[in-house]
1. Hey, among the residues in segment 257-271 that are modelled with pLDDT of 95 or more and open to solvent by less than 10 Å² (accessible area, probe 1.4 Å), which one's farthest from W229 (Cα to Cα)?
2. Among the candidates L66, L111, single out the residue that is over 23 Å from A7 (Cα atoms) and in contact with a Phe, Trp or Tyr (Cβ under 9 Å, 6 or more places away or on another chain).
3. Those residues that are assigned to a helix (DSSP H, G or I), open to solvent by less than 50 Å² (accessible area, probe 1.4 Å) and in contact with a His (Cβ under 9 Å, 6 or more places away or on another chain), I need them from segment 1-33; list them, please.
4. I'd like the full set of residues that are of a type in the set (D, E) and in a helix (DSSP H, G or I), limited to segment 34-52.
5. Specify the residue that is least open to solvent (accessible area, probe 1.4 Å); the eligible residues are those in segment 272-320 that are touching a Leu at 6+ places or on another chain (Cβ under 8 Å) and among the charged types (D, E, K, R).
6. Might you check whether a residue that is closer than 30 Å to S163 by Cα and among the charged types (D, E, K, R) occurs anywhere in segment 267-280?
7. Consider only pairs whose beta carbons are under 6 Å apart and that are at least six residues apart or on different chains; among these, list those whose first residue lies in segment 98-115 and is under 8 Å from L55 (Cα atoms) and surrounded by fewer than 19 Cβ atoms within 10 Å (Cβ to Cβ) and whose second residue is modelled with pLDDT of 90 or more and among the hydrophobic types (A, V, I, L, M, F, W, C).
8. So is S261 at negative phi, free of Cβ contacts under 8 Å to residues at least 60 places away in the same chain and over 29 Å from the mean Cα position of the chain (by Cα) or not?
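The values are calculated or read from the model by the stated rules, or taken from the named source; none is laboratory data. Note that this is a predicted model, so its numbers are computed, not measured. Cβ atoms come from the backbone with ideal geometry, glycine included; neighbour counts cover every protein chain shown. For the accessible areas, the whole protein counts, side chains as well, though only heavy atoms, and no ligand, DNA or RNA atoms are used. Shrake-Rupley method; radii C 1.70, N 1.55, O 1.52, S 1.80 Å.
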Amino acid sequence: MPESPQAYLELRQTPLHELSPAERIAFCSAVADWLGHAEPWIRDDAAERLATAVLWERYWEDRPDLPPPGHYIERLEWLLDTIETANQSHPDVLPSFIRHLRYRNPSQQQLSHVLAWLDRLERQPPSGLDPDLVAGLRILLTPPTPDWPEQAAAWIALLDHPSNWVRGCAAIMLGNWSEDDTAPSRSDLFALIGAKELARPGIAGPFWSSSHAGGDWADAEWASTVTPWMMDLLERRRGPPPPFDDMPSNDIEFYLHELCSLSPAMVDRMLAGGFVDLALMTATEMHGPVPGMQSRLETLVQNSDTQIAAAASRHLERYY
């Protein structure tokens, strides 16, 4: 069993896009050895590397050296068996792998096998596996039905599920598939999601995540709508969001620091609301000076938290 974390860190830097199919198999075998490491963060990272290497293996371009389609099914079956075997010794491996799969898009051939695997996990869950993790991943991977009102209603019902993970997964799908002309429309869903976020935080961030990843946050019209919506929720919601591991996406605080990175006035609002960490992230987001931001950084330098003060000071020295 390999031991040195440095050896793993060097292995994980391997550029997957440069590997031949045979080299990728060798890489995956080497990474799989680390699933049994004593350090939980290494096991977690190894699960992510394997998910990426196998589920994003096939390139879109037409290349004569690509293996036949059956190769990718065989690699998937190897991966799922490897994860389950490692989980017998370290029961955190399978939950880590499932969480990482929320960022992966199996090919159409692979998807049916992944869904069948999830069926088996639900029928025969390994000891200690939260079945809601499986249910949430199924929500993310299952293509929506053609009947939008029916599909939206099913996802909306899940916004009140006992599991924060399941709620977040349903919110992601609503954000990803709704449009201005659907019924319910995207605007309708902003109102619905907002009301539910106030009472029980944890779905507004996932709902917005697909739009943020698609670049909508940089659109001036969207930013003028989404930013005040998120700030209002941040100030009024009852309690903090769930822990990150219980959410399939970031909370609204993460998105706000990008949405507001050019707005000293929003930093003032964060400071007034007691969201000092968020104010620091926002004021230091841009790698360069922002008009009006210097005085806010100078305020943060006076903060009683020495780490916040030091970070603000470093940013001032670097860019102002």
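1. Ranking the qualifying residues of segment 257-271, first place goes to V267.
2. Selected residue: L66, the only one of L66, L111 that is over 23 Å from A7 (Cα atoms) and in contact with a Phe, Trp or Tyr (Cβ under 9 Å, 6 or more places away or on another chain).
3. Y8, P21
4. Within segment 34-52, D44, D45, E48 qualify.
5. The qualifying residue least open to solvent (accessible area, probe 1.4 Å) is R296.
6. yes
7. R104/A51
8. Taking the combined requirement at face value, the residue does not satisfy it.
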